[in-house]
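Read-outs: derived from the displayed coordinates by stated rules, not from any lab. All figures in this text were calculated on a predicted structure; none of them were measured in a lab. Here Cβ is always computed from backbone atoms with ideal geometry, including for glycine, and neighbour counts include all displayed protein chains.
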Amino acid sequence: MVVDVLLGLQWGDEGKGKVVDYLAPQYDVVARFQGGPNAGHTLVFGGQKYVLHTIPSGIFHDNLINLIGNGVVIDPITLAKEIESLHQAGVPVVERLCLARKAHLILPTHRYLDAAAEAAKGKARIGSTLKGIGPTYMDKTGRNGLRVGDTTTAGFEDKYQSLKAKHLALAKMYPETAFDLVQEEARWMESLEILRRLQLVDSEYFINDLLAQGKKILAEGAQGAMLDIDFGTYPYVTSSNTIAAGVCTGLGVAPSHIGEVIGITKAYCTRVGAGPFPTEQLNETGEFLRREGKEFGATTGRPRRCGWLDLPQLCYSVMLSGVTQLAVTKIDVLNALETIQIATHYRYDGHLARQLPYDLNVTDIEPVYQTFSGWQQSLSSVRQFEMLPNAAQVYLQFIEQEIGIPIRMVSTGPERESLLVR
Ligand code: GDP
Ligand code: IMO
Ligand code: MG
């Protein structure tokens, strides 16, 4: 059996949570493989909205295992809060959730260092969610980190104190930042108790046993390809591999087990935080997209930057992850527009290109746009692709042809049922 993968192809917030929730009944396991509580995945059904940060988006379905893999970084405080709010919503989360022993822990001092380092960057700040992601992955690769499994072994308290002392020494490099370490530490220790009561697994054996039993697994990406630590708009990126390759190291599955790679893109483009965004619209169009798309961060509430769809960027993401099918979300946000634009190429260094330059931060790029007619009608009664207005079909078919990958899903609203499957 195989692991299908679902990934964001832009700068995050493409609607991954919604589509994973829709697809979940077709799978036995939904697994997160990277990122941490910097993610905010929104699910809307039964008139309710839920936002998940660390817990996979399959959690609302019966008979389904939700696995948080070794590649994810865990803040026990956020996780405990998420578990509590799911309990209140009547979800038997502890029965459905497994957590990798090898997943690294976000300490309160990781969050402190994140905040202090960002503040010290001044104008060059990345716009981090300040969830401690960067410092935690630094400790992981620097071989200093603490892992979930350590919390149940002797000597944990000493390891914690020694890492905290290291962090406090490092913190002296930065001007002081407001942070109640005593209170945060107390909350953290309390939350560890909840974490210890979860089903802790050696996720690499766990997942390969499930594969051997013929179970179907869906790997749920966080962030998007352009925030990938290697291939994104560095240094304005997150600290994990958000592309399909991250699934193998973040869960312990071999590349030969990867099946379909479902890439998600909005029908336009957004980014939250700093960094290059070639098709950004710092004008009425951008404001229109933000308003219609309710483009405010699910984790931080920050307004998202908005712009047109960017084909050079999308082709790059599709190439990096070997995407086999596309899901296009938020097409309804474009309903009222008379015309819609897509950047088909970039002009830079005196030529027209589909290829991204080495450094988007320093290259002067002029996107070249093609204009499409809008459909100027609601899509709320549309139940299948063929019922979409002609102009919407033309728009989608153009994307499909240019990228060379079939569009299998089109999302027409935030609710679970607002999805056209081809
Ligand atoms: P994720 O991080 O990729 O899971 O995406 P987010 O949840 O951060 O952001 C996507 C936002 O768009 C959420 O508020 C969703 O409820 C909403 N959404 C998802 N799909 C659609 C859609 O097709 N149309 C509209 N209007 N909203 C959508
Ligand atoms: P989901 O899974 C959008 C952005 C932050 C910042 C940069 C680094 O909901 O799509 P970090 O906290 O990782 O140090 O922030 O990455 N970022 C996201 N933007 N969606 C996300 O996740 C994001 N996770 C991080 O805004 O620019
Ligand atoms: Mg999000």
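Long-range amide H contacts for LEU67: which residues qualify at under 5 Å (H placed 1.01 Å from N, peptide plane, sequence gap of 5 or more or a different chain)?
Here VAL30, ALA31, ARG32, CYS98 satisfy the definition.
Which entries of LYS131/LYS172; LYS81/LYS266; LYS18/LYS131; LYS131/LYS166; LYS18/LYS123; LYS16/LYS102 have Cα-Cα distances beyond 27 Å here?
Distance filter (> 27 Å) returns LYS81/LYS266; LYS18/LYS123.
Note the full-extension length gain between ARG125 and HIS351 as 0.36 nm times their separation in residues minus their Cα-Cα distance, in nm to one decimal. Show your work: numbers first, answer last.
Values: separation 226, 0.36 × 226 = 81.36 nm, distance 3.13 nm.
The span from ARG125 to HIS351 would gain 78.2 nm if fully extended.
Given +1 on the Cβ of Lys and Arg, -1 on the Cβ of Asp and Glu, and no further charges, what dipole in debye does the chain carry about its Cα centre, rounded to the nearest 20?
So the dipole magnitude of the chain works out to roughly 380 debye.
What do you get for the angle between helix 203-212 and the principal long axis of the chain? Use alpha-carbon atoms, 0 to 90 degrees, nearest ten.
Relative to the chain, helix 203-212 is tipped by roughly 60 degrees.
Between GLN401 and ALA154, what FRET efficiency follows from the Cβ-Cβ distance if R0 is 60 Å, with the result rounded to 0.05?
Working from the Cβ atoms, E equals 0.50.
Amide H neighbours of HIS345 under 5 Å, at least 5 residues apart or on other chains, H built in the peptide plane: list them.
VAL368
Can you give me the C-alpha center-to-center distance between region 101-161 and region 339-405, rounded to a whole angstrom?
Each part's Cα centre sits 39 Å from the other's.
Provide the gained length on full extension for the span GLU284 to GLU176, in nm with one decimal, where the gain is 0.36 nm per separating residue minus the Cα-Cα distance.
Length difference between fully extended and current span is 35.0 nm.
For region 371-383, in order, what is each residue's ³J(HN,Hα) by Karplus, 6.51 cos²θ - 1.76 cosθ + 1.60 with θ = phi - 60°, in whole Hz (x at glycine and Pro)?
9, 10, 6, x, 10, 6, 7, 6, 10, 5, 9, 6, 10
Each label point is 7 Å from the Cα along the Cα-to-Cβ direction; what then is the distance between the points at TYR358 and THR300, in nm?
Placing both labels 7 Å along Cα→Cβ, they lie 2.9 nm apart.
How far is helix 108-121 tilted, in degrees, relative to the longest principal axis of the Cα atoms in the chain, given as a value from 0 to 90 rounded to the nearest 10?
For 108-121 against the chain, the angle is about 50 degrees.
Taking the chain as the region of interest, what is the percent of Cα-Cα pairs per 20 angstrom bin, listed from the shortest bin to the one with the maximum distance?
The calculated distribution, bin by bin, is 27, 57, 16, 0.
On a 0 to 90° scale, report how tilted helix 181-196 is relative to the longest principal axis of the chain, with both axes built from alpha carbons and the result rounded to the nearest 10.
90
So, in nm, how far is label SER162 from label GLN370 when the simple model puts each one 7 Å beyond its Cα toward the Cβ?
6.0
Work out from phi, with θ = phi - 60° and the Karplus expression 6.51 cos²θ - 1.76 cosθ + 1.60, the ³J(HN,Hα) of each residue of region 71-87, listed in order in whole Hz, and give x for Gly and Pro.
x, 8, 9, 10, 9, x, 5, 5, 5, 4, 5, 5, 4, 4, 6, 5, 4
Need one number for region 295-422: average projected area of the convex hull over its C-alpha atoms, nm².
Average projection, Cα convex hull of region 295-422: 9.2 nm².
For GLY297, which sequence-distant residues (separation of 5 or more, or a different chain) have an amide H within less than 5 Å of its own amide H, given hydrogens modelled in the peptide plane?
Amide H to amide H, under 5 Å and 5 or more residues apart or across chains, GLY297 pairs with ARG302, ARG304.
Go through 166-178, 270-282 and give me the packing order, highest mean Cβ count within 10 Å leading.
Order by mean packing, descending: 270-282, 166-178.
What net charge is computed for the residues neighbouring GLY36, neighbours being all others with C-beta under 10 Å from the C-beta of GLY36, Lys and Arg scored +1, Asp and Glu -1?
Every neighbour counted, the sum reads +1.
Once the other residues with Cβ under 12 Å from the Cβ of SER128 are scored (Lys, Arg +1; Asp, Glu -1), what is the net sum? Each step should come with its number before you reach the end.
Values: positive: ARG111, LYS121, ARG125, LYS131, ARG302; negative: ASP114, GLU118.
Every neighbour counted, the sum reads +3.
With θ set to phi - 60°, apply the Karplus curve 6.51 cos²θ - 1.76 cosθ + 1.60 along region 247-256 and write out the HN-Hα couplings as whole Hz, x wherever there is a Gly or Pro.
Residue by residue, region 247-256 yields 5, 5, 7, x, 10, x, 10, 6, x, 5 Hz.
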